[in-house]
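The values are calculated or read from the model by the stated rules, or taken from the named source; none is laboratory data. Being a predicted model, the structure only gives us computed values, none of them experimental. With ideal geometry, Cβ positions are generated from the backbone for all residues, glycine too; neighbour counts draw on all protein chains shown. We work out accessible area using only protein heavy atoms, side chains counted, and drop any ligands, DNA or RNA first. Shrake-Rupley method; radii C 1.70, N 1.55, O 1.52, S 1.80 Å.
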Amino acid sequence: MGATALGGLGIAAAMMGSKLAMATEKNQAVFGTMVHSMEQGKAIVASIQGTKAAGLFDNQELLDSGRLLFKGGVAAVDLAGKTDQLAKIAIGTSSELGDLARIYQQGANSGSFGQDKVNQLAERGIAIYEGLTHATGKSGGELKKMISDGKIGVAEMDSALAYLTTGTGYYANAL
């Protein structure tokens with residue numbers, strides 16, 4: 001009976017390893033196509049898989065999030081850092097990493113993080129208003145006006161996220 005259990009465990013491990021390899025290979029091709037270099041695609045995947053978040057999230061979710069961030073304008077060299085940043089928030093708020101990457105990508109692609117995007121972050125328990133207050137120097141009605149006027153761009157959002165995930169920020173030590 002013990003040999004059968006070990007055999008089943010071995011088969012499951014092999015299947016899991018095969019799934020990981022297929023996801024890695026697929027994403028290397030996808031990133032390679034996006035940056036017009038298969039070698040750079042492999043390097044991007046390796047950098048994402050080398051993040052602190054890699055041990056805490058499913059490989060496919062991690063790579064999918066990286067693709068969303070890249071499509072949102074995050075430079076290839078910054079993907080690992082942005083992935084770790086969002087992973088800290090995901091861990092600290094029990095949010096899905098892919099959801100946070102999608103919200104970021106949508107805001108970045110539109111050029112501003114309007115009320116809908118800020119609300120989506122706040123609804124996940126993220127202290128985004130505090131982060132934006134720190135990033136903009138505005139609070140209350142002034143901050144709400146900035147958000148509704150579309151004045152929260154990528155720079156302001158990046159500053160808010162950095163505040164929340166570094167130093168003494170809420171999510172700084174989540175990973």
On the given criteria, is S94 open to solvent by less than 70 Å² (accessible area, probe 1.4 Å), over 30 Å from D149 (Cβ atoms), free of Cβ contacts under 8 Å to residues at least 40 places away in the same chain and hydroxyl-bearing (S, T, Y)?
no
Scanning segment 97-120 for residues that are in contact with a Gly (Cβ under 9 Å, 6 or more places away or on another chain) and aliphatic (A, V, I, L, M), the one surrounded by the fewest Cβ atoms within 10 Å (Cβ to Cβ) turns out to be A108
Being in contact with a Ser or Thr (Cβ under 8 Å, 6 or more places away or on another chain) and surrounded by 18 or more Cβ atoms within 10 Å (Cβ to Cβ) is the filter; apply it to segment 147-159 and report the residue that is nearest to G111 (Cα to Cα).
I152
Please report, ordered by residue number, the helices (runs of 4 or more DSSP H) entirely within segment 1-74 with at least 2 residues that are modelled with pLDDT of 85 or more, touching a helix residue (DSSP H, G or I) at 6+ places or on another chain (Cβ under 8 Å) and within 21 Å of D99 (Cβ to Cβ).
38-49, 59-71
Considering segment 121-138 alone, what residues qualify as being in contact with an Asp or Glu (Cβ under 9 Å, 6 or more places away or on another chain) and either under 17 Å from Y171 (Cβ atoms) or outside any helix (DSSP H, G or I) (or both)?
R124, L132, A135
Count - residues of segment 129-146 that are farther than 21 Å from G72 by Cα and either open to solvent by 70 Å² or more (accessible area, probe 1.4 Å) or not polar (S, T, N, Q) (or both):
12
